[in-house]
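Visitor: Take a look at the following structure, please.
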Amino acid sequence: MPGLLLGDVVPDFEANTTIGPIRLHQFLSDSWGILFSHPRDYTPVCTTELGRAATLCPEFTKRNVKMIALSVDSIEEHHGWSKDILAYNNDESVTEFPFPIIADDNRELAVELGMLDPDEKDHTGMPVTARCVFIIGPDKRLKLSLLYPATTGRNFDEILRVIDSLQLTAQKRVATPVNWKPGDRVMVPPNIPEEEAKCLFPAGVFTKELPSGRKYLRYTQQPQMSG
Ligand code: BEZ
């Protein structure tokens with residue numbers, strides 16, 4: 001089973017969470033969304049990841065991205081573990097965990113969404129939930145997915161960076177190059193003819209000369225986002 005592919009509508013599942021029962025699409029409303037999974041509560045790598053995600057929550061909110069995590073284990077365990085995560089963060093200004101965690105006790109969602117890590121088993125011999133990230137657009141379609149094994153923690157600063165690229169490229173006809181950061185130059189995609197590029201990018205298009213003579217490496221200033 002391939003799980004979710006880019007462009008698929010993310011299933012409108014029902015789930016029990018630390019803020020009560022939700023339906024995914026209603027929870028997301030018109031926002032962007034990030035759904036990310038964890039192998040288990042009270043585990044070290046997951047604690048560091050959720051700690052960083054909680055610290056960065058205002059940055060996700062600023063970008064109109066609603067956060068929701070998923071871990072096997074119960075709501076009760078999620079609540080207890082959330083307190084550990086906040087203590088790990090050592091930031092007394094945050095007293096409540098800032099986003100919901102889904103209780104996927106029976107792994108139903110992890111299986112449905114293709115989130116399992118076959119190489120990492122729990123004490124009963126079952127594969128654990130992998131470290132999956134789905135970025136969901138306001139149209140409820142999958143815009144980006146990451147799938148890391150249980151033993152490799154993710155980089156939530158990088159996830160914010162890709163959200164900046166996804167939101168920019170959803171609105172403007174540009175692409176972002178290697179290691180791009182907001183404010184850096186962007187690339188003119190190959191499917192835009194030269195004359196059209198001149199009109200689209202009044203700030204100018206710089207074309208890098210290459211041994212092949214092909215004019216495909218084209219830069220322009222990052223256009224301003226509207227709204
Ligand atoms: C962890 O979160 O530390 C972890 C969970 C499952 C397997 C390996 C590490």
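Bear in mind these aren't lab numbers, they're just calculated from the coordinates by the rules spelled out. Because the structure is predicted, anything quoted here is derived from the model rather than measured. All Cβ positions, glycine included, derive from the backbone under ideal geometry; neighbour counts span all protein chains shown.
Visitor: Would you check if LEU109 is surrounded by 12 or more Cβ atoms within 10 Å (Cβ to Cβ) and within 20 Å of the chain's Cα centre (by Cα)?
Guide: Numbers: surrounded by 12 or more Cβ atoms within 10 Å (Cβ to Cβ): yes; within 20 Å of the chain's Cα centre (by Cα): yes.
For LEU109, the condition - surrounded by 12 or more Cβ atoms within 10 Å (Cβ to Cβ) and within 20 Å of the chain's Cα centre (by Cα) - is met.
Visitor: What strands (runs of 3 or more DSSP E) completely inside region 138-227 contain at least 1 residues that are in contact (Cβ under 8 Å) with a residue 40 or more places away in the chain and in contact with a Leu (Cβ under 7 Å, 6 or more places away or on another chain)?
Guide: The strands (runs of 3 or more DSSP E) meeting that bar are 142-148.
Visitor: Oh, and also: Go through region 36-63 and give me each residue that's under 14 Å from the mean Cα position of the chain (by Cα) and within 14 Å of LEU86 (Cα to Cα).
Guide: Those that are under 14 Å from the mean Cα position of the chain (by Cα) and within 14 Å of LEU86 (Cα to Cα): GLU49, LEU50, ARG52, ALA53, ALA54, LEU56, CYS57.
Visitor: Suppose the filter is within 25 Å of GLU158 (Cβ to Cβ) and out of contact with any strand residue (DSSP E or B) (no Cβ under 6 Å at 6 or more places or on another chain); does ASP119 pass it?
Guide: Yes.
So that you can scan it fast, the table gives a plain yes or no per residue for (1) of a type in the set (S, T, N, Q); (2) closer than 25 Å to SER31 by Cβ:
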position: LYS83; (1), (2): no, no
position: ASN90; (1), (2): yes, no
position: ASP119; (1), (2): no, no
position: LEU142; (1), (2): no, yes
position: THR152; (1), (2): yes, no
position: ARG161; (1), (2): no, yes
position: GLN167; (1), (2): yes, yes
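Visitor: Would you mention how many residues in region 23-69 are part of a helix (DSSP H, G or I) and hydroxyl-bearing (Ser, Thr, Tyr)?
Guide: 4
Visitor: Which residues, counting only those in region 118-147, are farther than 14 Å from LEU35 by Cα and surrounded by fewer than 21 Cβ atoms within 10 Å (Cβ to Cβ)?
Guide: PRO118, ASP119, GLU120, LYS121, ASP122, HIS123, THR124, GLY125, MET126, PRO127, ASP139
Visitor: Right, here's the next one. Restricting attention to region 18-52, report how many residues are of a type outside the set (A, V, I, L, M, F, W, C), in contact (Cβ under 8 Å) with a residue 40 or more places away in the chain and more than 17 Å from VAL65 (Cβ to Cβ).
Guide: So in region 18-52, the residues of a type outside the set (A, V, I, L, M, F, W, C) come out as 18, 20-21, 23, 25-26, 29-31, 33, 37-44, 47-49, 51-52.
Cutting the leftovers down to in contact (Cβ under 8 Å) with a residue 40 or more places away in the chain gives us 18, 25, 30-31, 33, 37-42, 47-49, 52.
Filter once more, keeping what is more than 17 Å from VAL65 (Cβ to Cβ): 18, 38-42, 47-48.
Qualifying residue count, region 18-52: 8.
For every residue, the table says whether it meets (1) in contact with a Ser or Thr (Cβ under 9 Å, 6 or more places away or on another chain); (2) under 15 Å from THR129 (Cα atoms); (3) buried (at least 22 other Cβ atoms within 10 Å of the Cβ).
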site: GLN26; (1), (2), (3): no, no, no
site: TRP32; (1), (2), (3): no, no, no
site: LEU35; (1), (2), (3): no, yes, yes
site: ARG40; (1), (2), (3): yes, yes, no
site: GLY51; (1), (2), (3): no, no, no
site: LYS62; (1), (2), (3): no, no, no
site: ILE75; (1), (2), (3): yes, no, no
site: THR95; (1), (2), (3): no, no, no
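Visitor: Pairs only if they're at least six apart or on different chains, beta carbon under 6 angstrom, first in region 108-130 and in contact (Cβ under 8 Å) with a residue 24 or more places away in the chain, second charged (D, E, K, R) and not in a helix (DSSP H, G or I); list them, first residue then second.
Guide: ALA110/ASP104; VAL128/ASP117; VAL128/GLU120; VAL128/ASP122; ALA130/ASP117
Visitor: Please go through region 43-82 and give me each residue that is more than 22 Å from GLU108 (Cβ to Cβ), out of contact with any helix residue (DSSP H, G or I) (no Cβ under 9 Å at 6 or more places or on another chain) and away from the ligand (no atom under 14 Å from the Cβ), ordered by number.
Guide: CYS57, PRO58, THR61, LYS62, GLY80
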